[in-house]
Structure formats: structure tokens, C-alpha cells
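The values are calculated or read from the model by the stated rules, or taken from the named source; none is laboratory data. Keep in mind that this is a model prediction, so the values were computed, not measured. Here the Cβ is made from the backbone with ideal geometry for all residues, glycine too, and neighbour counts use every protein chain on show. The protein model used for the area step is the full one, side chains on, heavy atoms only, and it has no ligands, DNA or RNA in it. Shrake-Rupley method; radii C 1.70, N 1.55, O 1.52, S 1.80 Å.
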Amino acid sequence: MKAGPPNNSPQDVRLDENDPVWRLLARAPRPEPDAWFAARTLARCRHEGLGTESGVGAFIGLARMWRWALGGGLALSMALVLVVTQINSEKAENQKNVQEAFEIMASIDTDSDSSSSSSSWQDSSF
Amino acid sequence: MKDRFRDDDGARAPVGDSDAHDKALMVRIAEGDEVALRDLIEKHQGAVYGTIAKMLGDPVEAQDLAQQVFVRVYRAAGSYQASAQFKTWIFTIVRNLVFNEHRRRSRATLVPLHPPENEAAHSGGSAGLDLPDTATKSPGENMLHREMLRKIDEAILALPEQQRLAIVLRRYDEFSYEEIAEILKASVPATKSLLFRARETLRVALQDYLEEEG
């Protein structure tokens, strides 16, 4: 460990070096990377560094927004489900009404048919 | 990337003008000079990797994060503005990545602070550097020495992340208070206060070893 950084005041450096904690920390040195670290990093830069800064920035921006996107997506899908359910129930209601109307009309027709046939029977008796 | 081999201009600046050298390397990297990128990595790999390893206590994760730092530097070379010191700028990237990693870890499962010894030895961790000194120390002394190193690393890892980064930058990277304040996005008095509290916490945690030393 060097005596002190060049951009620190001598007073600061003296304060550090007189502190036993500081001296003790120096006994557990910073780990060093292995001999192939630079080569591996260079290869990774070649591989991953192809994207432009703006592209990366956009991706990071999107990644940060994922929570909002997830919440928004859920809310949107819930709203969609509600609307679809509403439309379906309205449609079923309408179909039911139409069915009932047909049934009523059919029953009216049947009544009128039977009355007319009975009258014709009466007529034929003459 | 174009592979240009140049050994002239600002990249071979005088030794004392380290920051200007770094900035000249960044200009060359922006132009696609792979040799400049290798120079920059070789110049800063020790500080970047060592700081991250001290911050995370995991040499394997530290390798990955340190590589990510240089990938970011490479990607940002085109838009790099040489307004601040290069070293402060690169350590701001280190800070962001390390703090993000802490947040990711706090959301995920807990990771052991110290990997198994054989793993650390293979990946260049502190345990790997601390090979037994059989020439001058007995096996018992070696064991005690390793135990002390482990306790020191544990004490550093137990500090809150801001204090930990402040102490690592100050002790191992020899940054000034102003530079640490810039990296931590804090004021100089706040940085001094962080460092004071970190030292006091370490003083208590490492009391046994301090008494031995005293």
C-alpha cells in the first residue's frame, strides 16, 4: 500500500496512517483479477458491445418500466375481460328475449290456426 | 470493431498525467481502437475488480460485474464527455452496478459472503492470493493469518453499502474525500461522516486484532 494518494492533503494521510484500523485493513489486500481477465473482458466487449448506447439506454429504460408495464397490462386485461363478459351477457339476454318473442309469436300463430280450422270444419258441415 | 495498432499520440502520455492518458484512450476507443481498450482494461482492472470483490465478497460475481463495467465503458466511449476525472466516472459505473447487485440480491435468495476456499482460489479471490507462507510461518500461524483476513473481509462486508464503498475507495483505491463524495453523490462532510462511522464500526468488530497489534 502506498503512503497516501497524491490528491489527499498530508493531514488526511497522516490521520489515516496513524489509525490502527487503517493499518489492519491494509493487511487484507484487495484481491487481484486472474491473468486472463483482460482477454476475457475484451472478448466480452467485442461480443456485447455491438449495440449502440442509445439502444442499450432504451432497453434499460424498458427494463426499468417492467413493473409499470406489468401493472398496466394486468389492468388492461381485467378491463378487457369485464367488457367481453358484459357484451356476452348482453348478447345472451338479447337472444333470450328474441327466443321468447318467437315463442310468443309461435303460440299466437298456433292459436289462430286452430280457430280457423275449426271454423272451416263448421263451414264444411253446411 | 476495427483493429488499429497505434503507438503514437496521447495514449502514450507521461506517467504523471494519468487522467489525460485515460481520456486519450477513450477517444481512441471511440474510434474503434481495440489496443486502446485493452490498455484501459489492463490499467484499471485491478482497481475495478478489487473494489467489486471487496464490496460483494464473491470473486465469481465480482469478475462478471467488473467485465460489465468495461462493457459499459466501451459502449459509452462514443458519447463520453471528458468533463470529470475518468477514474471518478468509471467508479460511478462501479457504484451503480454494485448497488444494483445488492438490490437484486436482497430481492433474491441470500448468497454466502465467502465462497468455498477452492472456488475463491480458482477465481482469483482474496483466499486465492493468500497462499500459505510455509517458508516463514508455521501451519498454525498461517491458519491464524487466514482467519484474520476472513474476519477483516467479514467486518467490511457487514458495513452498510455506502459506508462499505467509502471505506474501500479510501483504503484500497486511495481516493480523496472529494472524489468519494462525487462517486457516492454526497457532500464532502457527509462522506467524512460515512467514513468516520465505518471506521468506528470496524474498530469494534476487529477489536481483538487491534489489541493484538497494539
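Starting at the first residue of the stretch A:80-89, write each ³J(HN,Hα) from the Karplus equation 6.51 cos²θ - 1.76 cosθ + 1.60 with θ = phi - 60°, in whole Hz, x for Gly and Pro.
3J(HN,Hα) across the stretch A:80-89, in whole Hz: 4, 4, 4, 4, 4, 4, 4, 4, 4, 5.
Report, as an integer, the average count of C-beta atoms from other chains found within 10 Å of each Cβ along B:202-210.
3
What is the average number of partner chain Cβ atoms found within 10 Å of a Cβ in B:65-73?
4
Largest first, what is the accessible-area ranking of B:GLU179, A:GLU100, B:GLU147 with a 1.4 Å probe?
The residues order as A:GLU100, B:GLU147, B:GLU179, largest area first.
Provide the net charge surrounding B:LEU159, with neighbours chosen by a C-beta distance below 13 Å and charges set as Lys +1, Arg +1, Asp -1, Glu -1.
Details: positive: B:LYS54, B:ARG164, B:ARG170, B:ARG171, B:ARG197, B:ARG199, B:ARG203; negative: B:ASP153, B:GLU154, B:GLU161, B:GLU200.
Residues near B:LEU159 contribute +3 overall.
I want to check the label-to-label distance for B:ALA108 and A:VAL81. Put each point 7 Å from Cα in the C-beta direction and report it in nm to one decimal.
Distance between the two pseudo-spin positions: 3.1 nm.
Starting with the highest mean, order B:199-209, B:52-62 by the number of other Cβ atoms within 10 Å, averaged over the residues of each peptide.
For the peptides B:199-209, B:52-62, the packing ranking is B:52-62, B:199-209.
What's the buried accessible area, both sides, between A and B using a 1.4 Å probe, rounded to 100 Å²?
So the buried area, both faces added, is about 4500 Å².
What ³J(HN,Hα) values, in whole Hz, does the Karplus curve 6.51 cos²θ - 1.76 cosθ + 1.60 give for the stretch A:15-29 when θ = phi - 60°, with x put for Gly and Pro?
Once rounded to whole Hz, the list reads 4, 5, 5, 7, 8, x, 4, 4, 5, 5, 4, 5, 7, 10, x.
At what distance in nm do the modelled label points of A:ARG44 and B:GLU178 sit from each other, each positioned 7 Å from its Cα along Cα→Cβ?
Once both label points are built, they end up 3.3 nm from each other.
Per residue of A:35-44, how many C-beta atoms from partner chains lie within 10 Å of its own C-beta, taken as a mean?
Mean partner-chain Cβ count within 10 Å for A:35-44: 6.
Calculate the spin-label point distance for B:GLU211 paired with A:GLN95, positioning each point 7 Å from the Cα along the beta-carbon direction, and give it in nanometres.
Between A:GLN95 and B:GLU211, the simple spin-label model gives 8.6 nm.
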